[in-house]
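Below is one structure, written out as structure tokens; the observations come after it.
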Amino acid sequence: FAGINGSYNHNDSWMKNNYPGAKEDANEKNDRKTSGFLLYKPTDNLSARLTIADDYNKFYDNSFISPKSINSISRNDGENRNFDVDSYNKMETKSQALNVAYEFEKIKLESISTHKKNSMDSKYDANTYIHDGSNLYNYVDTDTYTEELRLSSKNQDIKWLTGLYFDKENTEIDTGYDSSLLTMKIPSTLNNKTQAIFGQTMIPLGNDFELTL
């Protein structure tokens, strides 16, 4: 079996950036999501499902900053911007997941393997506080691998689930400030690992109650 789905949303924005040479649509938004799967089921007991997804989101955020009181701000104040640096936030996520399951008469064995790569790119106009051309930026790249092994009950009065979970995550971060007079970078790296043993059982207590441990 195979399937594919997706969505796309675009908004031109109602704000206009009047700074010469800058992007005119001050708060434009783009959002796209796509995914597809392949399901292979050679027997009634064995199945394998591969899912691939690719998501993209970018919005411009030339935010409105005004010394006026909120009651005296007109639509024109918000509609017309004047930023020399386009402020934006961009997110990209690519993921793959493989789910393999085998069902016996009384139990089900399952393996879930995933990989996800997430990237965030942000830039903000800083001349409100300092001078023209200055900007604050933040780049974050995260790479994550997970593996989960599950064993669960089937067709039994007492339901239970147990398994092992592992993940490994690496994150590269580059944050800083950039202008014609000064450049400052603050890079960092984060490495995380998780190992877990989990279990759950659900015991019926008559017709109306269930005990979960």
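The values are calculated or read from the model by the stated rules, or taken from the named source; none is laboratory data. As the structure is a prediction and not an experimental result, all values here were calculated from the model. When we count neighbours, we look across all protein chains shown, and the Cβ atoms used for this are built from the backbone with ideal geometry, even at glycine. Note: areas computed on protein heavy atoms with side chains; ligands, DNA, RNA excluded. Shrake-Rupley method; radii C 1.70, N 1.55, O 1.52, S 1.80 Å.
In table form, for the structure just shown:
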| item | result |
| --- | --- |
| Cα gyration tensor of region 1-142 - equivalent ellipsoid semi-axes, whole Å, descending | 48, 16, 13 |
| Spacing of the two label points (7 Å from each Cα toward its C-beta) at Leu213 and Tyr165, in nm | 2.1 nm |
| Whole-Hz ³J(HN,Hα) from phi, Karplus 6.51 cos²θ - 1.76 cosθ + 1.60, for region 36-47, glycine and proline x | x, 9, 10, 10, 10, 10, x, 9, 5, 9, 10, 8 |
| Of all accessible heavy-atom area on the chain, the percent that carbon and sulfur account for (1.4 Å) | 55 percent |
| Exposed-loop-free span, longest in the chain, where chymotrypsin sites (Phe, Trp or Tyr not before Pro) count as exposed if DSSP calls them loop and at most 16 other C-beta atoms lie within 10 Å | 130-213 |
| Whole-Hz couplings from phi, Karplus 6.51/-1.76/1.60, listed for region 94-100; x for Gly and Pro | 10, 9, 9, 9, 10, 10, 10 |
| Contour excess over end-to-end distance, with Cα ends at Thr189 and Trp14 and 0.36 nm allotted per residue | 59.1 nm |
| Thr146 - accessible surface, heavy atoms, 1.4 Å probe, Å² rounded to 10 | 30 Å² |
| 5 angstrom amide H check on Asn80, placed H, neighbours 5+ away | Lys16 |
| Label-point separation in nm, Thr144 to Val100, each point 7 Å along Cα→Cβ | 2.3 nm |
| Average accessible area per residue (Å²) across region 26-122 - probe 1.4 Å, nucleic acids and ligands excluded | 59 Å² |
| Solvent-accessible area of Leu181 with every protein chain in place, 1.4 Å probe, in Å² to the nearest 10 | 140 Å² |
| Extension gain, Ser113 back to Asp44 (0.36 nm per residue minus Cα-Cα distance, nm) | 22.7 nm |
